[in-house]
Amino acid sequence: MPDALRGRVVGQLAAANLRAGQLVALSDVTTQLVPGRGQRVIGVRVLPGRYPARGLVPNDPVEVVGLSSSGVAETVPGEAVFQARVVQSSPPDAEGAVVVDLLIDSAAAEQAHAAAAGGALVTLLGPAR
């Protein structure tokens, strides 16, 4: 970021975890606390092959499909599906799984809790039209 934009960053909140020495872009900061009113942040552990190979980065819009404990998609279409925005994700663990912090509407809390308990498939969404 050019030094001239430094004033737009000072006093802002980090939109995701920042590492020491990391270059900061305007998209890395925000004026809003997360979660806001009517929102929640929930962590979901996602196994390899159930999230994009490129990984998930803050502000990615995603669709999450909750899986049963056996690892298959829930049998009731739509009830286990919700949209979210990635807050942050962990590095892969020894099994290649990542924990993704998702910003959700409070109305999707039940589906998100099920996804957190049983596993999930996370699909990256394109920009809104």
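Note on the stretch 49-74: residues that are modelled with pLDDT under 90, more than 26 Å from ALA14 (Cβ to Cβ) and in a loop (DSSP other than H, G, I, E, B) amount to 6. Restricting attention to strands (runs of 3 or more DSSP E) lying wholly within the stretch 77-129, give those where 1 or more residues are of a type in the set (Phe, Trp, Tyr). Counting at least 1 such residues, we get 81-89.
For the stretch 9-56, what are the residues that are small (Gly, Ala, Ser) and touching a residue at least 40 places away in the same chain (Cβ under 8 Å)?
Within the stretch 9-56, ALA15, ALA16, GLY38, GLY43, GLY55 qualify.
Among the residues of the stretch 9-29, not a single one is under 26 Å from HIS113 (Cβ atoms), β-branched (Val, Ile, Thr) and either assigned by TED's automatic domain parsing to the domain that holds PRO91 or not in a loop (DSSP other than H, G, I, E, B) (or both).
The values are calculated or read from the model by the stated rules, or taken from the named source; none is laboratory data. These figures come from a predicted structure and were not determined experimentally. Because the Cβ atoms are built from the backbone with ideal geometry, glycine has one as well, and the counts that use them run over all protein chains shown.
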